[in-house]
Amino acid sequence: MSDLTLSVVLGVALASATGFRVFLPMLVVSGATYTGRLHLDESFAWLGSLPALVMLSAAAIAEVLAYYIPVVDNLLDTLATPAAFVAGTILSAAVMIDAPPMVKWTAAVVAGGGVAGLTKGMTAILRGHSTVLTGGLGNFIIATAELGGAALLSFLALAAPTVAIALVALFLFAAVRLLRRRFRGAKSSDGRM
């Protein structure tokens, strides 16, 4: 696999992780860059600075805790959807070191931002269903799964990007199937009335 392809795969996997939690994948990238385990494009070197590491740590902790508060979690989904798109675009572009600008930004916006937004949209819909079915009491299960997904994808993207992207594809495939099934069920119950 070429370096460019690998960096695009890494970027898309990290972007998908921002669909689960916006700040945790950015924190992982910041930590990996700060410790010298990951090299970013020069214009994104700020992500590897100590101030960025501290700020992203505080933001990630606040975000993780806030998703365990009923009602706040649904509000956060509304705010986090555009934030995930932006964070996914930033992380994708940051890891594409030697890509020509047109390729970098097209891939970052379309693939990175797109998959981040799609992942966030799917989890928001899932949380919405959980809120309706459980009155919000079951949302902590979704919050825990999202946290695990963000952490797993972030670390896996750095260690084995192709495995991470395979998990992303599997998640998106399963989510789309689940949504299709839900919408078909809703249409058939509407048609009976």
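Would you call Val72 of a type in the set (Val, Ile, Thr), under 28 Å from Arg177 (Cα atoms) and touching a helix residue (DSSP H, G or I) at 6+ places or on another chain (Cβ under 8 Å)? For Val72, the condition - of a type in the set (Val, Ile, Thr), under 28 Å from Arg177 (Cα atoms) and touching a helix residue (DSSP H, G or I) at 6+ places or on another chain (Cβ under 8 Å) - is met. The criterion of at least 3 residues that are farther than 25 Å from Leu76 by Cβ and not small (Gly, Ala, Ser) is met by the following helices (runs of 4 or more DSSP H) wholly inside the stretch 110-193: 161-192. Taken over the stretch 11-26, the criterion of being among the hydrophobic types (A, V, I, L, M, F, W, C) and buried (at least 24 other Cβ atoms within 10 Å of the Cβ) is satisfied by Val12, Ala13, Leu14, Ala15, Ala17, Phe20, Val22, Leu24, Met26.
Candidates Ala99, Ala143, Ala157: the one that is under 18 Å from the mean Cα position of the chain (by Cα), among the small types (Gly, Ala, Ser), surrounded by 20 or more Cβ atoms within 10 Å (Cβ to Cβ) and under 22 Å from Trp46 (Cα atoms) is Ala157. Among the residues here, Asp98 qualifies as among the charged types (D, E, K, R), out of contact with any strand residue (DSSP E or B) (no Cβ under 7 Å at 6 or more places or on another chain), in contact (Cβ under 8 Å) with a residue 60 or more places away in the chain and farther than 18 Å from Ala164 by Cα.
Can you confirm whether the stretch 38-51 contains a residue that is within 27 Å of Asn139 (Cα to Cα) and surrounded by 13 or more Cβ atoms within 10 Å (Cβ to Cβ)? The answer is no, given that none of the residues of the stretch 38-51 is within 27 Å of Asn139 (Cα to Cα) and surrounded by 13 or more Cβ atoms within 10 Å (Cβ to Cβ).
Laboratory data are not the source of any read-out in this text; all were calculated from the coordinates shown. Values in this document were obtained by computation on a predicted structure and should not be read as measured data. When we count neighbours, we look across all protein chains shown, and the Cβ atoms used for this are built from the backbone with ideal geometry, even at glycine.
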